[in-house]
Amino acid sequence: MEEKIKELQDRLNRYNYEYHVLDTPSVPDSEYDRLLHELIALEEQYPASKTDTSPTVRVGGEVMSRFEKVAHDTPMLSLSNAFNAEELRAFDKRVRDMVGEVDYMCELKIDGLAVSLKYEAGRFVQGTTRGDGTVGENITSNLRTIKAIPLEIKNPLSFEVRGEAYMPKASFEKLNAEKEGKGEGLFQNPRNAAAGSLRQLDPKLAARRNLSVFLYSVNDLTELEAVSQSEAMDRLDQEGFKTNHERRLADDIEAVLEYIEYWTNHRNGLDYDIDGIVVKVNEISKQEQMGFTAKSPRWAIAYKFPAEEVVT
Ligand SMILES: NC(=O)c1cnc(N)c2cc(Br)sc12
């Protein structure tokens, strides 16, 4: 019977991956729910088989009194900002003066809450907020409720994957409509709703908020054997992580500006909020040559969209 339970656990984890990471479910929700209830019943009969990577244990039992503080193994840095083409061209000149010609990786800047996911031998063991960059809060039980986050990956990799937890716009609208119906205060925007949801001390509340995540960096590239940002992102895809597929490789700053122009005009069509574009030197060796200032990498910059006038 343990075999049958393990097979069901793996099958449901794969269905979660197809639905929440690939956005291409292979079975209808009714089939997923039927199998999940079958697994819950079997795990109640054989409690020893209810491992912490089972899809039934995503929503933990305990309600915490507060979040413990956790020091990051490697700091979660911020990005320096650019607000116009001139500042981006100045960034490009600094880069080329230091390391010669480069390719740039352009990625959407997700407007959510920065998180770090620690995996040990392929198992999700801890999830934290960015905090002040050096010390964050342990929100593992809330992050386990995000079905786009794999509880276990195929290969026994040990590293920290960083990304942004976010609330899709549609979920934000639905949540505020519910809150309005109950006469509760509304969230200002999806970012605050995501942050507020992940700060819930009861994981059952976070589990109901339909949060998702886009992962965009790792603290130790050797595990992925990647020599560029582009390759690192493709490797994260291969390992079962959810990344943002609007990313584009640009062979010069003009192509970066075109990408920025495109998303300035098309970001309202996305089903999540973005507040800018992150531009990174693609080759890891050149990133290492450039290094970091006290607060941020010299090899990356965040172009910030102009603040939208609030239509009152
Ligand atoms: N793709 C990326 O690197 C990315 C996307 N969205 C964000 N909010 C951030 C923040 C930092 Br710091 S990097 C990054």
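The values are calculated or read from the model by the stated rules, or taken from the named source; none is laboratory data. Owing to the predicted nature of the structure, the values given are computational and were not obtained by experimental measurement. Here Cβ is always computed from backbone atoms with ideal geometry, including for glycine, and neighbour counts include all displayed protein chains. What goes into the accessible areas is simple: the full protein's heavy atoms, side chains included, and nothing from ligands, DNA or RNA. Shrake-Rupley method; radii C 1.70, N 1.55, O 1.52, S 1.80 Å.
Worth pointing out:
- Three-way shape label, the chain, alpha-carbon gyration tensor, a/c 1.5: prolate
- Under 28 Å from the Cα of Lys174 - lysines, other chains or at least 8 residues apart: Lys109, Lys147, Lys182, Lys204, Lys242, Lys304
- Lysines with Cα under 21 Å of Lys4, excluding same-chain neighbours fewer than 8 positions away: Lys50, Lys154
- Surface accessible to a 1.4 Å probe, per residue, for the residues of the chain, Å²: 50
- Cβ-Cβ distance of Glu7 and Asp132, R₀ of 30 Å, FRET efficiency by 1/(1 + (r/R0)^6): the value works out to about 0.10.
- Compactness index (Cα Rg / 2.2 N^0.38 Å), region 42-104: 2.28
- Residues listed by number, region 122-159, amide nitrogen under 14 Å from Ala71 label point at 7 Å toward C-beta: 133-136
- Net lengthening on full extension, Asp234/Leu22 (0.36 nm per residue, minus Cα-Cα): 75.0 nm
- Filtered trypsin sites (Lys or Arg not before Pro), region 5-74: DSSP coil and at most 11 other beta carbons within 10 Å: Arg66
- Element breakdown for the chain at a 1.4 angstrom probe: carbon and sulfur atoms account for 50% of the accessible area.
- Computed from phi, the 3J(HN,Hα) profile of region 76-81 under the Karplus parametrisation 6.51, -1.76, 1.60 (θ = phi - 60°) reads 9, 7, 9, 10, 6, 10 Hz, with x in place of Gly and Pro.
- Contour minus Cα-Cα distance for Arg96 and Ile40 (0.36 nm per residue): 14.4 nm
- Using the Cβ-Cβ distance between Lys295 and Ala85 with R0 = 25 Å, the FRET efficiency computed as 1/(1 + (r/R0)^6) comes to roughly 0.60.
- GNM result for the chain, Cα springs below 10 Å: residue of Ala302, Ala294, Ala255 fluctuating most strongly: Ala294
- Mean separation of Cα contacts under 8 Å (6+ apart) over length of region 104-222, as relative contact order %: 32
- Of the trypsin sites (Lys or Arg not before Pro) in region 170-223, those whose Cβ has at most 16 other Cβ within 10 Å and which sit in DSSP loop: Lys182, Arg199, Arg208
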